[in-house]
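> One structure follows; several queries about it will come next.
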Amino acid sequence: MLAVHFDQPGGAENLYLKEVAKPCPKEGEVLLKVAASALNRADLLQRQGQYDPPPGTSSILGLEASGHVVELGPGCQGHWKIGDSAMALLPGGGQAQYVTVPEELLMPIPEGLTLPQAAAIPEAWLTAFQLLHLLGHVQAGEFVLIHAGSSGVGTAAIQLTQIAGAIPLVTAGSEHKLQMAEKLGAAAGFNYKEEDFSEATLRFTKGAGVDLILDCIGGSYWEKNVNCLALDGRWILYGLIGGGDVSGPLLSKLLFKRGNLIASLLRSRNKKYKQTLVKTFTEQILPHFSKNSPQRLLPVLDRVYPVTDIQAAHKYMEANRNVGKIVLELPQ
């Protein structure tokens with residue numbers, strides 16, 4: 001099969017398509033013929049040599065994919081049959097023509113969604129769902145500040161916050177991105193390049209601050225995050241785009257707010273955690289993607305590239321130009 005490959009860590013120019021062995025499904029796994037796979041920031045970090053895949057998993061890039069079941073491994077429980085369309089949460093391996101998936105980590109594709117749209121759901125939407133609900137325990141009426149509001153996770157989190165009855169606020173770096181976030185349901189958006197988002201957040205919340213922060217930025221935002229965090233608020237860190245170093249009285253300021261700082265990664269979670277997450281998401285959230293849902297959720301796609309343009313796709317993401325997801329289509 002063809003798969004995205006790089007021989008040594010570095011820039012996007014190191015990426016190319018290589019013929020590699022097709023995987024065989026093991027106990028309880030299915031083989032998915034991949035139609036599309038979305039790009040994630042983790043793919044860029046892995047290509048740069050900064051984020052190794054979990055031990056025992058595929059070194060091929062790609063944390064989410066959509067396609068069709070073509071083979072059932074031994075011990076499968078009959079949830080899936082050959083020919084079924086499905087989307088999958090993966091620890092790696094999605095940017096290839098075939099990938100093996102534990103059957104419990106597959107999800108049906110909601111009616112009315114295309115395969116490229118479905119490929120944009122698993123990693124981003126499951127991440128946003130676990131941040132808001134499993135870790136953040138979001139409640140109706142709460143203020144939620146979502147950094148990188150126009151990213152894949154950000155556009156998912158805006159919609160999921162609304163479904164939960166909470167109030168989404170976002171940060172982004174351009175007027176275009178803020179307008180898109182507000183179209184998706186953000187109550188307010190703040191351009192971090194032009195204003196202090198913490199002061200703007202405090203003005204919007206009339207001094208109360210936000211109850212929950214979803215933060216993929218990290219070090220460079222710590223002081224502003226604590227400044228606009230409400231008393232007893234929850235700050236969930238799930239990325240370090242702005243660096244991992246902190247200089248200053250973080251702990252004393254957080255203690256003064258009685259704040260909760262929670263760190264989370266999804267890729268390295270164990271199989272049981274991911275199974276529970278996928279099951280809960282499938283039952284509670286997936287029905288809202290149906291075209292008949294009164295509160296319809298939709299993945300936001302920015303661009304769809306053929307996988308042969310993998311270098312261009314990485315460069316586009318690195319330039320922070322995308323609003324929503326970048327999707328790769330695999331040859332069929």
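> Name every residue in segment 293-332 that is farther than 28 Å from Glu19 by Cβ, touching a residue at least 24 places away in the same chain (Cβ under 8 Å) and in a loop (DSSP other than H, G, I, E, B), in order of residue number.
Hits for segment 293-332 are Gln295, Leu297, Leu298, Pro299, Val300, Asn320, Asn322, Val323, Gly324.
> Confirm whether Ala186 is in a loop (DSSP other than H, G, I, E, B), within 21 Å of Gly324 (Cα to Cα) and touching a strand residue (DSSP E or B) at 6+ places or on another chain (Cβ under 9 Å).
Against the criterion (in a loop (DSSP other than H, G, I, E, B), within 21 Å of Gly324 (Cα to Cα) and touching a strand residue (DSSP E or B) at 6+ places or on another chain (Cβ under 9 Å)), Ala186 qualifies.
> For segment 251-281, what are the residues that are among the hydrophobic types (A, V, I, L, M, F, W, C) and under 27 Å from the mean Cα position of the chain (by Cα)?
The answer is Leu254, Leu261, Ile262, Ala263, Leu265, Leu266, Leu277, Val278, Phe281.
> Can you tell which of Asp211, Asp232 is at positive phi and either more than 21 Å from the chain's Cα centre (by Cα) or at pLDDT 95 or above (or both)?
Asp232
> Then there is this: Collect the residues in segment 162-177 that are part of a loop (DSSP other than H, G, I, E, B) and in contact with an Asp or Glu (Cβ under 8 Å, 6 or more places away or on another chain), keeping them in residue-number order.
Ala166
> Can you find, within segment 140-182, the residue that is surrounded by the most Cβ atoms within 10 Å (Cβ to Cβ) among those that are hydroxyl-bearing (Ser, Thr, Tyr) and within 23 Å of Met317 (Cβ to Cβ)?
Thr155
> I'm checking my understanding of the structure. Among residues of segment 207-224 that are without any contact (Cβ under 8 Å) to a residue 40 or more places away in the chain and in contact with a helix residue (DSSP H, G or I) (Cβ under 9 Å, 6 or more places away or on another chain), which one is surrounded by the fewest Cβ atoms within 10 Å (Cβ to Cβ)?
So, considering only residues that are without any contact (Cβ under 8 Å) to a residue 40 or more places away in the chain and in contact with a helix residue (DSSP H, G or I) (Cβ under 9 Å, 6 or more places away or on another chain), the one surrounded by the fewest Cβ atoms within 10 Å (Cβ to Cβ) is Glu223.
The values are calculated or read from the model by the stated rules, or taken from the named source; none is laboratory data. What you are looking at is a predicted structure, and each value in this text was computed from that prediction instead of being measured. FYI the Cβ positions are ideal-geometry reconstructions off the backbone, even for glycines, and counts take in every protein chain you see.
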